[in-house]
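The values are calculated or read from the model by the stated rules, or taken from the named source; none is laboratory data. Everything numeric in this text was worked out from a predicted model, so none of it was measured. Please note: Cβ atoms are built from the backbone with ideal geometry, for glycine as well, and neighbour counts cover all protein chains shown.
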Amino acid sequence: MTHLRRLRFAHRLIQRQPTAGTKRAPSARSTTRILMNFSALKQGGGQNVAMNFLYAVVRDPSLLKGFELDYIVARNSSPHKYLSGMPGTRVYVFSRNPLIRVFQELFWGSYIVALGKYDAIYSYFGSALFFGQTPQVCGCAMSNLFFPEVDFWQYYRGITRIGKHIVDYYRLWGLKRAASVVFETNIIEKRAKTLHKLRETKVILPSIALPQNNAFTPIICFTPDIAKGLFFCGWQPNKNVFLIPEIAASLRQCGVRFQFIVTAPRDGSAHHRRFERLVREKSVEEMVEIVGPISKDEIPYLYESISVVFLLSKLESFSNNILESWYYSKPMIVSDEIWARSICGDAAVYVDRNSAEEIAGKVAALLDNLALRAEVVNRGREALATYPSIDARVAQEMAYVRYISQIH
């Protein structure tokens, strides 16, 4: 079928959908058909969350008993590569370009939804612009939408800054039109309902799935016999990666042998060039290692190789780094911000995210004081025990999406 014929057919199918304000007839099927939309997940923590889901359902197919799932993925993303190796799985591949993806959602995506007769759509991050009355459940990790007092885009200027705000308005509009929005923390859900009056919300606590390939041979090698700190993030200014050279210089002044491991890409971007310039200015080249993006199979080796995890964000909805640091028994140094304390409680070491001297002092304390280190690690294990297993999370997600499909 040509692209033009497909669009015309989609238009006819969409016209047959119930009009706005009408209730869909309940499905007579014994299974619930769900379109899993991973198209917005191309890199970073969001992509890792999608892989957690896929690892879980492949390891234990009984989690999907009573469900039929099809998938939309971003081209060449980890979910795309993973699902490509699973015969019999229906996978639709969308562009990585956000603008192209929106047009694909409007036309090709609406055709997919209408033809597939899905009971619900589950967009793991944000919303998709599909026509029709199929209820859409949206996962939300966009914390800046719910903390208006934080100038989240302060590091951007001109057209770029304007563009970021336009995208935020679009995302918020999408959440408001969703059948339901799923959050990972109570504080974000409460703010969302207070500020934006979302009609239906749910908190489903996050979880992690461990890599399955135990025979994996790591391709990254670190300098032995030196303490290391991990910044598991990209070049986002919110993560405070540009303070690393200053922290390194403070540690060197204190006589602490230390190396920072950064998973941001060597992509030649403006942020990458700025970071390397700051490293040279502080003459701390030997203390900073940019290893680039890490595959999920490399995560265990990565955590086994480091001493401390850093999460110096101004704002987060949640972060895989938190659960991973607790699971791998690594102390975590985090920003002293309301979002962090609401998640981590006493299972982290808090710092002024803008004080390189204070951060260096906390690093030195953790390295020198084994009792303090053990206390933080033990509290992390206790905190981790309050979160669901990945199987329990997936079961809760599926049950909730089914519930939304039944009431719409």
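Kindly indicate whether any position in the range 244-255 is modelled with pLDDT of 90 or more, more than 17 Å from Pro331 (Cα to Cα) and in contact with a Cys (Cβ under 8 Å, 6 or more places away or on another chain). Looking through the range 244-255, none of the residues is modelled with pLDDT of 90 or more, more than 17 Å from Pro331 (Cα to Cα) and in contact with a Cys (Cβ under 8 Å, 6 or more places away or on another chain). Filter the range 189-204 down to residues that are hydrophobic (A, V, I, L, M, F, W, C) and at pLDDT below 95, then give me how many there are. Of the residues in the range 189-204, 3 are hydrophobic (A, V, I, L, M, F, W, C) and at pLDDT below 95. On the basis of being over 18 Å from the mean Cα position of the chain (by Cα) and farther than 29 Å from Arg266 by Cα, does Ala364 make the cut? Taking the combined requirement at face value, the residue does not satisfy it.
The residue pairs whose first member lies in the range 351-364 and is within 12 Å of Val334 (Cα to Cα) and without any contact (Cβ under 8 Å) to a residue 60 or more places away in the chain, whose second member is part of a helix (DSSP H, G or I) and of a type in the set (Asp, Glu), and whose beta carbons are closer than 9 Å, counting only pairs six or more residues apart or on different chains, are Val351/Glu358; Asp352/Glu358.
Within the range 350-378, the set of residues being surrounded by fewer than 20 Cβ atoms within 10 Å (Cβ to Cβ) and closer than 22 Å to Ser143 by Cα comprises Tyr350, Asp352, Asn354. For Val181, the requirement of being closer than 22 Å to Arg33 by Cα, in the same structural domain as Lys117 (by TED's automatic domain parsing) and not in a loop (DSSP other than H, G, I, E, B) is met. At least 2 residues being modelled with pLDDT of 90 or more and crowded, with 21+ Cβ neighbours inside 10 Å is the threshold, and among the strands (runs of 3 or more DSSP E) wholly inside the range 1-113 those reaching it are 32-38, 67-74. Just one of the listed residues (Gly132, Gly158, Gly163, Gly139) is without any contact (Cβ under 8 Å) to a residue 12 or more places away in the chain and either surrounded by 19 or more Cβ atoms within 10 Å (Cβ to Cβ) or on the phi > 0 side of the Ramachandran plot (or both), namely Gly158. Kindly establish whether Gly158 is more than 22 Å from Phe318 (Cβ to Cβ), at pLDDT below 90 and of a type outside the set (Asp, Glu). No: the conditions fail for Gly158.
One line per residue, one yes/no per condition, for (1) touching a Leu at 6+ places or on another chain (Cβ under 7 Å); (2) in a loop (DSSP other than H, G, I, E, B):
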residue: Tyr118; (1), (2): yes, yes
residue: Gly126; (1), (2): no, yes
residue: Gly132; (1), (2): no, yes
residue: Ala141; (1), (2): no, yes
residue: Gln154; (1), (2): no, yes
residue: Ile159; (1), (2): no, no
residue: Pro206; (1), (2): yes, yes
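Filtering the range 72-97 to residues that are touching a helix residue (DSSP H, G or I) at 6+ places or on another chain (Cβ under 8 Å) and of a type outside the set (Ser, Thr, Tyr) leaves Ile72, Val73, Ala74, Pro79, Leu83, Met86, Val91, Val93, Phe94.
Is at least one residue of the range 291-303 farther than 27 Å from Arg257 by Cβ, in contact with a Gly (Cβ under 9 Å, 6 or more places away or on another chain) and of a type outside the set (A, V, I, L, M)? Checked the range 291-303: no residue is farther than 27 Å from Arg257 by Cβ, in contact with a Gly (Cβ under 9 Å, 6 or more places away or on another chain) and of a type outside the set (A, V, I, L, M).
Scanning the range 331-350 for residues that are free of Cβ contacts under 8 Å to residues at least 40 places away in the same chain and of a type in the set (Ser, Thr, Tyr) yields a single hit, Tyr350. Going by the structure shown, is Ile299 of a type outside the set (Lys, Arg), closer than 25 Å to Pro224 by Cα and either touching a Phe, Trp or Tyr at 6+ places or on another chain (Cβ under 6 Å) or touching a residue at least 60 places away in the same chain (Cβ under 8 Å) (or both)? Answer is yes for this residue.
Whenever a residue of the range 184-201 is of a type in the set (D, E, K, R), its partners that are surrounded by 14 or more Cβ atoms within 10 Å (Cβ to Cβ) and in a helix (DSSP H, G or I), lying with C-beta atoms within less than 6 angstrom and at least six residues away or across chains, give the pairs Arg191/Phe146.
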